[in-house]
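Some notes on the structure that comes next.
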Amino acid sequence: MAPDREADTKPAAILVWDAPTRLFHWSLVALVFVSWLSADQGYMTVHLLSGLTLLALLLFRLAWGFFGSTTARFGDFLHAPPRVLRYLRGRGQRLHAGHNPAGGAMVMVLIAVLLAQAVTGLFATDSLHFTGPLALLVSEDASLRLTTLHGTIFNLILLLVWLHVVAVGFYLLVKGDNLIRPMVTGRKPASHVPDGLRLVFTHPVIAVLLLAVSIALVTALFFWGTT
Amino acid sequence: MTGRISAWAYAAGVLLVTGCGIAAAMALRPGFAATVRQVTGLEPARIAAPDSFYTVRVAPLFDRHCAGCHGARAAKGQLRLDSFAAVWRGGRHGDVLGKDGELYRRITLPQSDEKAMPPDGKPPLSKDELTVIRLWLADGARGDVPAATVKDAPRLVLPVTIPQMNPQDVARQRAPLADELARLQKRYPGLIAYESLASADLQVNAMLAGKRFGDADLQALLPLAARIVRLDLSGTAVTDAAPLSGLRAVTHLRLAGTGLTGAVAPALDGMAALKVLTVTGTNIAPESLAGLRRRGVTIHGEGDDGA
């Protein structure tokens, strides 16, 4: 899918994050919170819906990582571990329009762990009042093991969220680089973006189409599992 | 652009905020607090004594009724009831013990209540089982009170489990000797039968044939020897030369009222599976059965020549 729109690059603040990526980010934050709260309070229907929505969003993000705007693409922020380590040691390129190498690694780990969480949730059961949409496709023992794994992964998510927030706080308070505002407005100060960078933005309609496909896939998975 | 602070100040701030977060979580979640206290060693690990009322009487009830959903495989409500430490740790909402605690409340709710435990039509705890748990909770849910000292506890009744019969397995076990058995049942009507519906083992009641049953007849049964576990030769015409040692699967043997003597002892010694022997009314001297006695075989009727 070809990118079809180019960004302005000259103003004091430069558009670096497209709307779909920003919406994905904050939706993910909300859904993780809702998923935790609903499970904690026993609202399992809400938990199921938030989990399925989360899964659809993650599928969308995977697709957006290939077909999305420059800063949303995996190719832009996914780097080999040595480069990530070099960045963490303060070497290498310091300015990045999108995710820096360490942030990119964090994004990938978060997506992988959240995907694992959503998938194990599909097979989960509490043996009492809730059964995940795919739980009946595996043995009860396997379902219970995946349920336990679902709980364990949540603790990992808590740890990663803590790490993510601490890192963002570090950039904000120690390095003076506000990563939060660009994720809201989409714009970064020009001084924080490499000179001469040309960002290409994919049309939002493509994002809507990819999201629709993701939702359709998850819906089909749900009905296939439950019927 | 925001103001800067040093990395050390930030690290201290992160530690402070994280510590406050953990403290808040501990305050809001007693179960989490108990886990933290035990993991950090602030609270000693709780272990129940092997002869304690908990280990002997309470833990088996938790295993039977609760641990399926509150154990290693699954811990509903983050509650595990498969160890003394876990029971004390409590669940998501903290402590479940105490005589008015959540545990006792839930197991005494009417079965129609959706919060009743065990749920979903699983058999509820009996009155005696509830009494055992109530007594344990009332005494502080301790793990060091010897079971023998709790005088008001209902009598301990050990559950008896009867293995389920699997007709396919039984048929498969019976198949190798089925033809031979049918032939011999025809030849000796009423004398040979399976031990039970769920067994491929045989019992032979030759007593019904009386003196018409002799050594040659016993020899004829040897093809079934691997499955004959009970053999009653009482009142038959078998002699000391009867091929008893070939019946290696027999566990119960009755020789009452036969003319056997001590000379049969070597053959009896060869019956490796023998557990119970009846020699009432025979001429078998007790001393000739010394070998069997040493093996732990129960012998009835020794020295009794008339019963």
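The values are calculated or read from the model by the stated rules, or taken from the named source; none is laboratory data. Given the structure is predicted, the values throughout are model-derived calculations rather than measurements. For neighbour counting, all protein chains shown are included, and Cβ atoms are generated from backbone atoms with ideal geometry for every residue, glycine included. Protein only, heavy atoms only, side chains kept; ligands, DNA and RNA dropped before computing areas. Shrake-Rupley method; radii C 1.70, N 1.55, O 1.52, S 1.80 Å.
In the list A:120, A:125, which residue meets the criterion of being buried (at least 18 other Cβ atoms within 10 Å of the Cβ), out of contact with any Phe, Trp or Tyr (no Cβ under 9 Å at 6 or more places or on another chain), at pLDDT 90 or above and of a type in the set (Ser, Thr, Tyr)?
Within the list A:120, A:125, the selection yields A:120.
Would you check which residues across region B:206-264 are of a type in the set (Val, Ile, Thr) and in contact (Cβ under 8 Å) with a residue 40 or more places away in the chain and list them?
B:229, the sole residue that qualifies.
It is to be established whether one or more residues within region B:137-153 are in a helix (DSSP H, G or I), open to solvent by less than 40 Å² (accessible area, probe 1.4 Å) and closer than 14 Å to residue B:107 by Cα.
Yes, region B:137-153 has at least one match.
Yes or no: residue B:131 surrounded by fewer than 17 Cβ atoms within 10 Å (Cβ to Cβ), in contact with a Leu (Cβ under 7 Å, 6 or more places away or on another chain), closer than 22 Å to residue B:150 by Cα and at pLDDT 85 or above?
no
Return the residues of region B:35-61 that are under 28 Å from residue B:153 (Cβ atoms) and either hydroxyl-bearing (Ser, Thr, Tyr) or in contact with an Asp or Glu (Cβ under 7 Å, 6 or more places away or on another chain) (or both); say none if nothing qualifies.
The first filter runs over region B:35-61 and keeps only residues under 28 Å from residue B:153 (Cβ atoms), leaving B:44-61.
Passing the criteria: B:49, B:52, B:54, B:55, B:61.
Given the residues B:48, B:59, B:86, B:67, which is the only one that is under 19 Å from residue A:125 (Cα atoms) and aliphatic (A, V, I, L, M)?
So the residue among B:48, B:59, B:86, B:67 that is under 19 Å from residue A:125 (Cα atoms) and aliphatic (A, V, I, L, M) is B:67.
How about region A:64-85: which of its residues are among the small types (Gly, Ala, Ser), open to solvent by 20 Å² or more (accessible area, probe 1.4 Å) and under 22 Å from residue A:19 (Cβ atoms)?
A:75
What's the total number of residues in region B:1-32 that are part of a loop (DSSP other than H, G, I, E, B) and farther than 23 Å from residue B:83 by Cβ?
6
Would you check which residues across region B:89-143 are small (Gly, Ala, Ser), at negative phi and more than 14 Å from every other protein chain (Cβ to nearest Cβ) and list them?
Answer for region B:89-143, where residues must be small (Gly, Ala, Ser), at negative phi and more than 14 Å from every other protein chain (Cβ to nearest Cβ): B:101, B:112, B:126, B:138, B:143.
Tally time: how many residues in region A:86-117 are buried (at least 18 other Cβ atoms within 10 Å of the Cβ) and in a loop (DSSP other than H, G, I, E, B)?
5
Taking region B:33-82 as the region of interest, how many residues are within 12 Å of chain A (Cβ to nearest Cβ), open to solvent by 50 Å² or more (accessible area, probe 1.4 Å) and assigned to a loop (DSSP other than H, G, I, E, B)?
Number satisfying all stated conditions: 3.
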